[in-house]
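Everything on this sheet refers to the single structure shown next.
Laboratory data are not the source of any read-out in this text; all were calculated from the coordinates shown. The model shown is predicted, which means the values in this text are computed figures rather than measured ones. For neighbour counting, all protein chains shown are included, and Cβ atoms are generated from backbone atoms with ideal geometry for every residue, glycine included.
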Amino acid sequence: MTRRRAWWKTLLGVVLTAIMLFPVYWMINVSLTPTTEMRKSPPDWFPVHGTIEGYLAVARDQLPYLGVSLLVGLGTVVLTLVLSAPAAYSLAKLRPRGGRPLSFILLIAQMIPAIIMAMGFYAIYLGIGMLNSIPGLIVADSTIAVPFGVLIFTAFMNGIPDELTAAATIDGAGAWRTFRSIILPISRNSIVTVSLFAFLWAWSDFIFASTLDGGGDLQPITLGIYKYIGNNNQEWNSIMATAVVASIPAAVLLVVAQRYVAAGITAGAVKD
Amino acid sequence: MTTKFRRGAAIAVAAALVGVGLVGCASSGGGTSASSKSYTFWDPYPQFDQSAAWTKLVESCGTKAGVTVKRTGYDTTALTNKALLAGQQGNSPDMLLVDNPVVSTLADAGILTSTAENKLDTSAIDKNIIAAGEIGGKTYGVPIGANTLALYYNKTVLKAAGVDAASITDWATLTDALAKVKAAGKKGITFSGINTEEGSFQFLPWFWGSGANLTQLDSPQAVAALTLWTDWLKKGYAPNSVIQNTQTTSWQEFATGDYAFGENGTWQLGNVKQAGIDYGILTIPAESGGPAAAPTGGEFLTIPVQKDAARYATTKKIVNCLTSTANFVTTDNTLSYIAPTADAQAAQVAGNAALKPWVDAVKAAKGRTSDNLGTKYPKISEQLWTAVQTALSGSQTPEAALKAAQTAAAAAIK
Amino acid sequence: MTTSAVPAKRAVGEKGGATSVAPPGRPAARRRVRSGQWAAWAFLAPVVAYLLVFYAFPLYRNVELSLKDYTVRSFVDGTAPFVWFDNYAKVIQNATFWPALTHTAIFTFVSIAFQFSIGLALAVFFFQHFRLASTLRALFLVPWLLPLIVSASTWSWMFNSDSGIVNSALEALGLPQINWLTSPDWSLIAVLIANIWIGIPFNLVILYSGLQNISGDLYEAASLDGANGWQKFWRITFPLLRPVSAITILLGLVYTLKVFDIIWIMTKGGPADSSTTLSTWSYRLGFGSVLPDFSPAAAVGNILILIALVFGLVYLRTQRKLDPS
């Protein structure tokens, strides 16, 4: 590849990303706008009369909740991976009887409206005393990600050539060892994908958090937004500021993780 | 091979057990059964955190009654669902503060105690305000404060357009004023016509002001009210965005300082000063003059049904504390509401003369679920806001939209 | 032709696995079948337990809600009468049903068509290694970090008829104002645009990792044969990406059928039902007014589940056809 072409692509990439992120920019713009200017017609493209009022409110009220969100997000990732990867391996490679109906059920399970799920969890958690707890929230959030994880892993693991696992079986490896030492390392990309979405869903979840953790002392940051949604009035600059602040650490995490993963994959390729 | 797979299976089973164990362990850690010294309080004020004056007040009333009160704020729509769900699971809070039109729904669901059971004294409360909590001859709860709608106007804009606010007494003079404002290059009026309860809330002063009745949505009077709004939109006196405006969005539009009028509530009183607008307040005029009845807003403090009836006595003490004249004044000044009793209203006006027009407006206001509509109101209201949307967006004429609404509402409440 | 690369890769593998290859009747083989089944279900056990514990109840509840006639009172005390399919009949006869169904179909298909093709184009684009590629790709995920209430509100902000940035840009270009959210002709388009935006990162990420799983050797071999980029895409990338594409589209379908928050926040399904889909309708019945109407809401929700079921079957069908075994 010539250097010139690569630069051209970077430029195009930056432009595309800018278009994609324009609504995010607009959100930042609103977060800096004082109430009197919010519905100005025509709107200002830049927060010329910017106020950091929203951010001051967030700094005052919200920062402790970031840790809770992070914990819930990572917990959801772990639980999702532990549950979905082995199941997908079985569905894709061990071909259990009744496997197809099961993947079908997983697909349908996702159609249950989140609010009905939340109501179900409320009843269950109330019975076992898990309301307003972080583990409770992790389990609830994972219900979005587990069926997704199983289906995505299955799709990817289906693509792993059977001769690889067959060779391992001939070598005398059991199902578990095949899974651990052959399937898992090959599935690195899909693990990253599933983890990413599990994290993102847990991070931005609202319905479970408000139904199951509404009265908790340890709340995720998304609930912090409610602080600015009063009965009659919403403080939009603070709402947007919360969302911005909440997304910064996660965005950094995403970028770093992507770089790390990209590096890992290249390293792996060299080893091959 | 067999042993190897067994080990795999064992690990998989172990993983399953860990999952179950997670659930199992947690069940032993603390249930939700409230102890006799701990009382729960839910309200729709998520904006107040643990250090807010409101929380302190609730807690101090608990302390006076010899118990601790744990207050939790929920988003107002989430609160209704949560209250129903908790009622279903027998886990209702000891005190529940809800938006007044919700009271009839919750009472209908059988999760609220009436004053006959909980022995609360509501005799001092203004009749028109408590009406929203009266269903089938029983009263459920005490209003914590009330609010209503009026027209905020921007003096600077009106002056530039050569309009005297005092000349606006009915719909015709208001429309004339809007025409002058538009001719002067400014914007007329903003309100909220969204397809939720907020939209009905904002339309009702005009609806009632025409003489229409909620039991007959397609009356000529109702058509006149909807035509008024539709014409404002057509002539450009009101912006197209009113169709999706919430009351907050509408307020933001008024706060730009470009609009002559904004229909909004008591609760914006603090914000209007912040926005730096030289404002005045007009009661919403009826079609042929005089003030129109505006709907009452505001929350009711209710006592949900408990398994242990012995709790009501303490709960009553806490409620009485929160609804004392002094606390009414404190609370309603914080919320920018009007107190529901004459004594507390007088104290509020003594402290802040700007509240006077709002006290009058609240006295003239009318509960949405009053006229013994109760749980029929939400059904009617849904059709009403739908009709407003249909007409404002130009999908149907006001006549056709209201006719359809009446048919649907009649079918829904039969 | 399109599948040429797939069998080449799979020909060596015994797709049926040891179980189906072994002729029946031999004891050793039968034991192996049985033990294979045990291992397979042992791996599945956690998820099955999980499904039973956490999904069975809500699913049962949703069906039960739809077959009984619940009022708020009977919701609380649990004494609703059983009415069979009355709620379904009522829902289907409702004037909102057909518009909602049509809007659901349009919303779902248009969303997926755009999300998938844009997502695929971006995945292929970012797969070429250039400076900042991985960072920019990570940034594409930022919209997913925002709670939907915020991103959807931002869109409704941008689409506001009077003070929205979109109209302000249109006016700057000399075009007339469009009432994106407040005109019955545009509201569905407006929510579609927002939904496509939300869905692009999902498609991009999954398809991108699908691309990573395609062996680079194939491209090298194709280059040696003198294939150009376009040919490489249609002969290698596209067919090899098919299993991942199928699941991405299927999941996209399920998620799009379910979407209600974006529409609810932006238009509440209005004006005049012009952007009402089955899922927003279900939400409106259940939670949109002060008086919840759970039974018809659950009925609408279950109709949606049935629709997803049909697409799930179609997916299984095509998968079976692709499977050589």
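Counting, for every residue in C:264-276, the Cβ atoms of other protein chains within 10 Å of its Cβ and taking the mean gives 5.
Shape verdict for chain A, please, from the Cα gyration tensor: rounded (a/c under 1.5), prolate (a/b greater than b/c) or oblate. Don't jump to the answer; show the numbers that get you there.
Working: a/c = 2.65, a/b = 1.41, b/c = 1.88.
Because a/c hits 1.5 or more and a/b fails to exceed b/c, chain A counts as oblate.
Please compute the net charge surrounding residue B:264, taking Lys and Arg as +1 and Asp and Glu as -1 over other residues with Cβ under 12 Å from its Cβ. Let's see the in-between values first.
On the way: positive: none; negative: B:198, B:253, B:263.
Every neighbour counted, the sum reads -3.
Shielding of peptide B:85-92 by partners, expressed as the average count of other chain Cβ atoms within 10 Å per residue Cβ, is 5.
Other residues lying with their Cβ under 12 Å from the Cβ of residue B:193 contribute a combined charge of -1, Lys and Arg counting +1, Asp and Glu -1. Helix A:134-158: angle to the longest alpha-carbon principal axis of chain A, degrees 0 to 90, nearest 10? The helix A:134-158 is inclined about 50 degrees to chain A. When the Debye formula is applied to the Cα atoms of the protein assembly as shown, each taken as the same point scatterer, what base-10 log of I(q)/I(0) results at q = 0.08, 0.10 Å⁻¹? For the protein assembly as shown, the Cα-only Debye profile gives -0.82, -1.23.
Which Cα, out of A:87, A:170, A:258, lies furthest along the positive dipole direction of chain A (beta carbon charges, K/R +1, D/E -1)? With unit charges placed on the Cβ atoms, the residue in question is A:170.
When you look at the Cβ of every residue in B:387-396, what mean number of other chain Cβ atoms sits within 10 Å?
On the way: counts 1, 2, 10, 6, 2, 4, 11, 7, 8, 2.
Shielding by partners across B:387-396 averages 5.
The GNM of chain A, with springs linking C-alpha atoms under 10 angstrom apart, assigns the highest mean-square fluctuation among A:119, A:111, A:157 to A:111.
Across chain C, Cα-Cα pairs more than 35 Å apart make up 40 percent of the total.
Give B:64/B:273; A:227/B:64; A:40/B:273 a once-over and call out the pairs whose C-alpha atoms are over 25 Å from each other. Walk me through the numbers before you get to the answer.
Values: B:64/B:273 36 Å; A:227/B:64 28 Å; A:40/B:273 18 Å.
Among B:64/B:273; A:227/B:64; A:40/B:273, the Cα-Cα distance tops 25 Å for B:64/B:273; A:227/B:64.
Using a Gaussian network for chain A with springs between C-alpha atoms less than 10 Å apart, which of these wobbles most: A:137, A:56, A:79? In the Gaussian network model the winner is A:56. Once you reduce the range B:161-204 and the range B:90-157 to the center of their Cα atoms, the two points are 30 Å from each other. Apply the membrane-span-like helix rule to chain C: whole DSSP H runs, Cα extent along the own long axis of at least 18 Å, mean Kyte-Doolittle hydropathy at least -0.5. List the helices found. Correct list, ordered by number: C:27-54, C:97-127, C:187-212, C:242-258, C:294-322. For the range A:1-51, a crude dipole built from +1 on the beta carbon of Lys and Arg and -1 on the beta carbon of Asp and Glu, taken about the Cα centre, is about 460 debye to the nearest 20.
Of all DSSP beta bridges located in the protein assembly as shown, what percent are antiparallel, nearest 5? Don't jump to the answer; show the numbers that get you there.
Numbers: 25 of 37 bridges.
Antiparallel bridges: around 70 percent, rounded to the nearest 5.
For chain B, the alpha carbon positions stretch 88, 62, 46 Å along the principal axes, listed from largest to smallest.
Just for chain B, what percent of DSSP beta bridges are antiparallel, to the closest 5? Don't jump to the answer; show the numbers that get you there.
Working: 23 of 35 bridges.
DSSP beta bridges in chain B are roughly 65 percent antiparallel.
Could you work out the local net charge near residue C:88, counting Lys and Arg as +1, Asp and Glu as -1, over the other residues with Cβ closer than 13 Å to its Cβ? Cβ neighbours under 13 Å give a net charge of 0.
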